[in-house]
Amino acid sequence: MSSQNYDYLDGNAAAGELSKIFVMDVTAAEGKCAHCGTTRRFAEAHVYMQCPGVVARCAGCEHVLLRLVNVRQRVVLDVSGMTYLSLDTAQTC
Ligand SMILES: [Zn+2]
């Protein structure tokens, strides 16, 4: 409990939750942080698995990039912390 600020996983840890929403593998995508402007692979993000959801933070500035919350039979996705998310379409086939 006391060290929760450092108790993160990498972006791959969010793959299972994100696969409920995205057909494509988001962990291989690149996202631009809306706060510091850094573009990184989502797999590099710091992911906090907090029931009932997931929070992904920028590896550079720790700003929240993405929040995913399970609320009963809904999944709420907040990606306002990213300017954009860029996915490689070649991987879908
Ligand atoms: Zn950032």
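Loop-only trypsin sites (Lys or Arg not before Pro) in the stretch 5-91, please: DSSP not H, G, I, E or B, and at most 12 other Cβ atoms within 10 Å.
Lys20, Arg72
Could you give the nm distance between label points at Val79 and Glu30, where each point is 7 Å from its Cα heading toward the beta carbon?
1.6
What 222 nm value per residue comes from the helices of the chain, counting each DSSP H run with n ≥ 4 as -39,500 (n - 2.57) and dividing by all residues, nearest 500 deg cm²/dmol?
-500 deg cm²/dmol
Hey, got the dipole for the stretch 1-91? About the Cα centre, +1 on K and R Cβ, -1 on D and E Cβ, debye to the nearest 20?
Values: 8 positive and 9 negative charges, 59 e Å.
Using only the charged Cβ atoms, the result is roughly 280 debye.
Between Ala15 and Glu62, what length comes free when the chain is fully extended (0.36 nm per residue of separation minus the Cα-Cα distance, one decimal in nm)?
15.0 nm
Starting from the Cα coordinates of the stretch 9-86, work out the convex hull volume and express it per residue in Å³.
73
Kindly report the accessible area of the chain per residue (heavy atoms of protein chains, probe 1.4 Å, no ligands, DNA or RNA), in Å².
On the way: 5990 Å² over 93 residues.
Accessible area per residue, the chain: 64 Å².
The values are calculated or read from the model by the stated rules, or taken from the named source; none is laboratory data. Note that the structure is predicted; figures quoted are calculated from it, not measured. Quick reminder, even Gly has a Cβ in these numbers, built from the backbone with ideal geometry, and neighbours come from all protein chains shown. These area figures cover heavy atoms from the full protein model, side chains too; ligands, DNA and RNA do not enter into them. Shrake-Rupley method; radii C 1.70, N 1.55, O 1.52, S 1.80 Å.
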